[in-house]
Structure formats: structure tokens, C-alpha cells
Amino acid sequence: MSEVSAWSAALPAAVPERRAAPSALAVARLMLERDLRLAFRKASQLIQPLAFFVIVTTLFPLAVTPSLPELRRIAPGVVWAAALLSSLLALEFLFRDDAQDGTLEQFALSGRALTGLLVAKTAAHWLLTGLPLALMAPIAGAALGVPQAAMPGILASVGLGTVTLSLIGAVGAALTMGLRRSGALLSLLTLPLVIPVLIFGARATQLAIKGESYSAPLLLLAALAVLATTLAPLAATAAVHINLE
Amino acid sequence: MSEATLEGEKIHLWRGERHVLRGVSFRVTGGECLQLTGPNGAGKTSLLRTICGLSYPEAGAIHWRGEDVRRDLPAFHAEMAYLGHEPPLKMEFTARENLTYWIGVRRRLTRAELDQKLERVGGERWADRPVHTLSAGQKRRVALAGLLLMNVPLWLLDEPTTHLDVDGQRLVGTLLDEHLAGGGLAVAAVHHALMMSERTLRSLELGVV
């Protein structure tokens with residue numbers, strides 16, 4: 001043994017070093033903080049999906065009819081189709097920027113579980129697009145003649161539905177992150193998978209507007225969210241690994 | 001755990017139709033730096049990416065401390081640092097923020113530590129400026145600060161002196177010398193000779209295909 005084995009000799013010191021590694025939860029929080037902070041530095045990217053949602057939903061009364069009973073009838077479809085498309089709008093940037101500047105690669109090589117980091121990134125995406133959409137949906141609904149009693153139902157269904165949209169979208173975003181113009185392909189990949197969310201979301205909204213119990217479609221939305229939470233992060237991790245090669 | 005050694009064993013790598021690495025073998029032990037030389041397209045970057053596990057070789061294996069790295073990649077990653085062509089930085093963040101998130105995922109950082117390493121690379125004056133306002137050489141220096149902060153035995157460097165002035169190139173040499181003196185090891189792809197002690201330097205020339 002020569003002097004070259006200093007690193008192995010230094011092992012007793014290296015073990016506390018390992019213990020000094022932050023916990024998985026602390027790492028996820030750091031990642032969440034990073035993505036939120038980054039998003040607020042790029043405000044235009046942040047506002048775009050929400051502005052799109054507001055514009056689409058307000059164009060309908062102008063284009064279709066000003067009659068509130070008729071608008072009320074199409075309101076679930078309008079709100080949900082607009083929410084779906086605007087949530088897709090921001091997806092393109094979820095991993096692509098990090099993939100291009102090499103920061104994602106560094107996270108993949110950090111020795112930490114990549115899945116946890118991607119979940120944190122997806123959570124940040126939901127907080128930045130899903131949550132604002134859920135808060136905005138009742139307001140957009142009001143413009144379409146939706147009664148006030150239906151607001152909690154709309155808020156809950158869009159809030160739950162966008163969780164699934166973000167998670168399934170993350171898989172699509174991870175698969176297409178290496179492409180320069182991934183928008184069209186990303187929509188093509190993601191839209192068929194999120195159709196159930198559209199169906200049950202619109203159904204819950206419709207029942208809420210009619211003043212009937214909407215718990216059944218809402219529970220199905222929750223089930224979809226649970227399913228996506230368990231499976232999507234694993235698929236996204238595998239997709240990121242493929243793309244980093 | 002055994003002594004810090006990195007071994008490559010008859011690595012073959014294909015990139016599409018090209019057979020880039022044809023049975024490359026090497027061995028680096030603590031206190032040594034292996035410099036990878038060869039013309040553009042010889043596979044220097046490919047070899048580095050294969051070592052970190054980003055690329056899958058068609059044949060051959062990488063051994064770290066005598067064990068195949070594929071058996072426990074996260075444990076291997078926790079002991080290595082890889083710096084690619086471009087510094088892995090967010091343009092919207094300051095140098096300090098970049099290091100906080102980049103290295104913070106690996107280990108807890110103290111402010112004093114961050115300041116010390118930033119000063120080491122000559123960055124104390126521009127540490128709080130957004131990275132997009134920094135020059136290419138300054139960005140490279142931020143990446144070097146990250147390398148120091150990771151505090152790992154194995155460095156994998158791809159063209160570590162790109163964009164650096166003579167002073168910066170000398171800094172890379174000094175940092176490497178100190179790292180090796182502490183028992184660390186390094187593999188570096190280079191075009192220009194590294195300004196470091198010749199005694200610990202070994203070369204591996206990769207051929208053209």
C-alpha cells in the first residue's frame with residue numbers, strides 16, 4: 001500500500017460525509033424551490049397557459065351565443081377542453097430546458113434517485129399550471145353562466161384532473177425532451193392518454209352545474225390521479241435515462 | 001471498501017453505424033490522472049460518458065474499487081463528478097444559486113464553504129450576477145467551483161480548460177495537482193496539454209475510426 005490510498009484510508013471520514021447527505025425529502029424540496037424560483041424568473045412562460053385558458057373560454061360567448069342557458073350547456077366542454085390544451089402548452093418546457101443546458105444530466109449523475117427529483121419537478125409544474133387553472137376555472141365558468149353553487153365542483157374536478165394531466169404529461173415531456181420542436185409530438189403522445197380525465201372531468205362539471213351529486217366522476221378522477229402518481233414517475237424516469245444516453 | 005481505482009476492460013461502443021471505441025482498456029489509481037488524447041471524433045467524450053454510465057457499451061465493463069459500476073450506479077455516482085463540454089448552469093440563476101441547487105442535491109452546503117470555493121476560482125466579485133451576464137470563461141470557473149464542492153474522489157473532465165485564460169488553465173492544473181495529492185483520481189479528455197505535474201500524468205491515445 002502506498003500513499004495513493006488516501007481516499008480509502010479516509011473512509012471513516014467519508015462515512016459521516018455520506019450521512020451529511022440531505023434526506024430524500026429535503027432534496028425534493030430543494031428541487032421544488034429551484035423550479036418555482038426559475039419559473040418566476042421567466043414570467044412570460046408562466047403566464048402563457050393561464051392567458052390561453054382565459055382567452056379561449058371568453059371567446060366562446062362571443063362566437064357561439066350570448067344566451068346564458070345555452071352557454072351553461074356547453075360550459076363543461078369548453079372549460080375542460082381549454083384546461084387540457086393550456087396544461088399541454090407548458091409541458092414542453094418541463095424537462096427540455098434542463099436537458100439542453102446539462103443540469104438534468106447532473107441531477108441524473110448525482111447519486112440520488114432520479115424518480116424523486118422528477119416527481120418534485122412535476123409537482124412544481126402542477127403548482128405553476130394546474131393550480132392556477134383550477135382557481136381560474138370557476139371564474140371562467142361564471143362568464144359562461146355557471147351558477148355559483150357549482151363552483152366548488154369545478155374547482156375540485158379541475159384541480160384533481162390537472163394532477164393527472166401533469167403526471168401523464170411528464171412522461172410525454174420526458175420522451176420528447178431531446179427534440180427541438182416537440183410540441184406536436186408531445187400532444188399526439190399525451191392527448192389519447194388523458195381522454196379519460198377529460199370525460200370524467202367534464203362529467204363532474206356538468207353534474208355540478210345541474211346541481212346533482214358529482215362525487216362519482218370526482219372519485220374516478222381521484223383514482224386516475226392515484227394511478228398516475230404511482231406509475232407515471234417510473235415511466236418518466238426510464239424515458240429520461242433513454243434520452244440522456 | 002477497497003482502494004480507489006478505476007478500470008476499463010475492453011470497452012466496445014457503437015454510435016449508430018460507427019464503432020467508436022474498439023476494445024479500450026485502462027487503469028487509474030488514486031493519485032493519478034489519465035488524459036485522453038486523440039483527434040476530434042476519436043471517442044474521448046464517448047468514453048467519459050460510458051464511464052459515468054450515461055452510455056451503455058456493447059461489450060466490456062467499468063470497474064470502480066474492483067466492482068462493476070453497473071451493479072450500483074447511484075453509489076458510484078455519489079463518488080464521482082462529471083463535467084461535460086458546457087458548464088451545467090441555469091442562465092437565469094446567479095453563480096451562487098446554481099451551485100446551491102446543483103450541489104445541494106448531493107450534499108449539505110454551508111455558506112462559508114460556498115464562498116471559499118467561489119473565491120478559489122476567482123469568482124467572489126461576480127458570484128451574485130446572473131450567469132447569462134458572465135463570460136464563457138467565468139461560467140467554466142463556476143463549474144470548477146461545483147467540482148470542488150462535490151468533494152468526491154473521482155473527477156471525469158471533458159476539455160476542462162476550454163474558454164479559460166492562461167491564469168484559468170493554470171488554476172485547473174493546480175486544482176488537479178491538489179486533488180491527486182489528496183489521493184483523488186481524474187480522467188480528462190484534452191486537446192491542450194494540462195498545466196499540471198507531469199509525474200502523475202498518464203496518457204491514453206484514442207485512435208480515429
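Read-outs: derived from the displayed coordinates by stated rules, not from any lab. Since we're looking at a predicted model, the values are computed, not measured. Because the Cβ atoms are built from the backbone with ideal geometry, glycine has one as well, and the counts that use them run over all protein chains shown.
Angle of helix A:24-41 to the longest C-alpha principal axis of chain A, folded into 0 to 90 degrees and rounded to 10: 60°. Averaged over the residues of B:176-182, the number of partner chain Cβ atoms lying within 10 Å of the residue Cβ comes to 1. Between helix B:95-104 and chain B there is an angle of about 50 degrees, using the helix long axis and the longest principal axis of the Cα atoms. Taking amide H positions as modeled 1.01 Å from N, with prolines and chain starts lacking one, the residues under 5 Å from B:T5 and 5 or more places away or on another chain are B:R65, B:G66.
Compared with the direct C-alpha span, the chain from B:R125 to B:R170 gains 14.2 nm at full extension, assuming 0.36 nm per residue.
Taking Cα atoms only, the orientation of helix B:166-181 departs from the longest principal axis of chain B by about 60 degrees. Shown for A:V119, A:V54, A:V64: other C-beta atoms within 10 Å of each C-beta, ranked fewest to most, produce the order A:V64, A:V54, A:V119. Taking a ≥ b ≥ c as the square roots of the eigenvalues of the Cα gyration tensor, the protein assembly as shown is classed as prolate, since a/c reaches at least 1.5 and a/b is larger than b/c. The length gained on full extension between A:T58 and A:E212, counted as 0.36 nm times the residue separation minus their Cα-Cα distance, comes to 52.9 nm. Whole-Hz Karplus values for the range A:85-90 come out as 5, 6, 5, 5, 4, 8 Hz, taken residue by residue from phi with 6.51 cos²θ - 1.76 cosθ + 1.60 and θ = phi - 60°; glycine and proline positions read x. In this label model, A:A24 and A:L219 are separated by 3.0 nm, measuring between points 7 Å along each Cα→Cβ vector. Look at the stretch A:30-40: the mean tally of other chain Cβ atoms within 10 Å of its residues' Cβ atoms is 3. Distance between the pseudo-spin-label points of A:T65 and B:H192 (7 Å out from Cα toward the beta carbon): 7.4 nm.
Shielding by partners for peptide A:107-117, expressed as the average number of C-beta atoms from other protein chains within 10 Å of each residue's C-beta, is 5. The protection proxy used here, the mean number of other Cβ atoms lying within 10 Å of each residue, ranks peptides A:160-166, B:25-31, A:74-80 as follows, highest first: A:160-166, A:74-80, B:25-31.
Each Cα pair of chain A feeds into the Kirkwood radius, which the Stokes-Einstein equation turns, at 25 °C and 0.890 mPa s, into a diffusion coefficient of 126 µm²/s.
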